[in-house]
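This report refers to the structure that appears directly beneath it.
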Amino acid sequence: MRVLIVGPGAVGRFLAARMALAQIPVALLDHRPERVGQIQRHGIELTAIDGRQEQVRCDVLLAGSGSEDSTPPFDIALSCVKSYDTEVAALQAAPFLRRDAVIVPLSNGLGNVEAVGQHWPAAQVAAGTHAFGLLAAGDHAVQQTGTGFFELAAPHDAVSAQERLPVLVDLLQQAQLQAELAPDYGKMLWQKAAVNCVINPIAALLQIPNGALLQLPLEPTMRAICGELVEVSHCEGIALELDHLFARVVGVCTATATNRCSTLVDLQMGRRTEIESLNGEVARRAEQARIPVPLNSLLTVLVRQRECDVQAG
């Protein structure tokens, strides 16, 4: 089973390195020639949570270079790009894939499976979430800063994806990564999105690591954000429960206490954030359902403004 990892950011490098160490046939796909060259020359510098470092060699391919003609096709593609790049990633991956391959977006937020489904058969699209603390450095290094796990699921009508997911779980476990099939596709996606909707904007605006959220008097606000998410999810037939969801948020903050969330890193690097697929998407769906979500709406506006300020210099 050959695995293509699209996007060598923190998650992509981490997965590629762990799979390569387990001798799983894996390759990275990137659109930036200079980064491809760095990884080809140096490999992936993987720093484990205990500080141990390894240089891991991994195949890396350049999108749009014609290399797909000389590369054996892949059976599974894991899309590890930002949510706003999900569609482009699917188009870049397609020439490298078998006709029956399954694409699994691991991006934050809601709507990623639908985005991939615009360019790949819907029956061959699944979804995955993770809760690892990871930090990329330069063009070829990644550090694990917090423990985590992978959850995978597919829509009930994505038959091909459902058949392939147990194989992917086995591959992740071979790579010494905790992975499991989620029993409820919709609930899995909403739970992960909800965790990000609470942690990411607040930690980014306050410029603090995840664990510091639990040291501030933020519990009422964080619970209220969870409450808005629960109400919107119920309108979409997803049975989230407030206490369980808040406990999950606290658990992720604890497990990734020293980690800087992706939204904070994006702002510090002057990059576009994923706020539109997180709180922004929740606010849009809430508006359609005529449900007030003032906290999610406010956080969306605040992160948008911070993003504009940072990019304006």
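The values are calculated or read from the model by the stated rules, or taken from the named source; none is laboratory data. Source: prediction; values computed, not measured. Methodologically, a virtual Cβ is constructed for each residue, glycine included, from the backbone with ideal geometry; neighbour enumeration extends over all protein chains shown. Accessible surface is based on the protein model in full, side chains and every heavy atom, while ligands, DNA and RNA are left aside. Shrake-Rupley method; radii C 1.70, N 1.55, O 1.52, S 1.80 Å.
Report, by chain and number, residues whose modeled amide H sits under 5 Å from the one on residue 6, excluding near sequence neighbours (fewer than 5 apart, same chain).
Placed amide hydrogens put 29, 78, 79, 80 under 5 Å from residue 6.
Can you show me the helix-derived [θ] at 222 nm for the chain, built from DSSP H runs with n ≥ 4 at -39,500 (n - 2.57) apiece and divided by the number of residues, rounded to the nearest 500. Could you put the intermediate results ahead of the total?
Working: 11 runs with 141 residues, N = 313.
Result for the chain, helices only: -14000 deg cm²/dmol.
Please list the helices of the chain that count as membrane-span-like by this rule: a mean Kyte-Doolittle hydropathy of at least -1.0 together with Cα atoms stretching 30 Å or more along the helix axis, each helix being a complete DSSP H run. Write down the numbers at each step before the final one.
On the way: long enough: 185-206 (32 Å, 0.81).
Flagged H segments are 185-206.
Please sort by residue number the trypsin sites (Lys or Arg not before Pro) in segment 269-313 whose DSSP state is loop and whose Cβ has at most 11 other Cβ atoms within 10 Å.
290
Among the DSSP beta bridges whose two residues both lie in the chain, what percent are antiparallel, rounded to the nearest 5? Provide the component values of the computation, followed by the final result.
On the way: 13 of 37 bridges.
If I count the DSSP bridges inside the chain, around 35 percent turn out antiparallel.
Just the number, please: Stokes-Einstein D of segment 1-119 in µm²/s, Kirkwood Rh from C-alpha pairs, 10 °C, 1.306 mPa s.
110
Counting only heavy atoms of the protein chains, get the accessible area per residue of segment 1-88 (1.4 Å probe) and round it to a whole Å² value. Mind showing how you got there, number by number?
Numbers: 3770 Å² over 88 residues.
Counting only protein heavy atoms, the per-residue value for segment 1-88 is 43 Å².
Output needed for the chain: three equivalent-ellipsoid semi-axes, defined as square roots of 5 times the C-alpha gyration tensor eigenvalues, in descending order, whole Å.
Details: eigenvalues 182, 101, 68 Å².
Whole-Å semi-axes of the equivalent ellipsoid: 30, 22, 18.
I want the antiparallel fraction of DSSP beta bridges within segment 15-111, as a percent rounded to 5. All intermediate terms of the calculation are to be shown ahead of the outcome.
Numbers: 4 of 13 bridges.
The answer is about 30 percent antiparallel.
Which percent of the accessible heavy-atom area of segment 175-313 goes to carbon and sulfur, probe 1.4 angstrom? Mind dumping the intermediate values first?
Numbers: 3600 of 6530 Å².
The value for segment 175-313 is 55 percent carbon and sulfur by accessible area.
Could you please put 263, 71 in sequence from largest to smallest accessible area, using a 1.4 Å probe?
Values: 263 5, 71 30 Å².
Ranked list, largest accessible area first: 71, 263.
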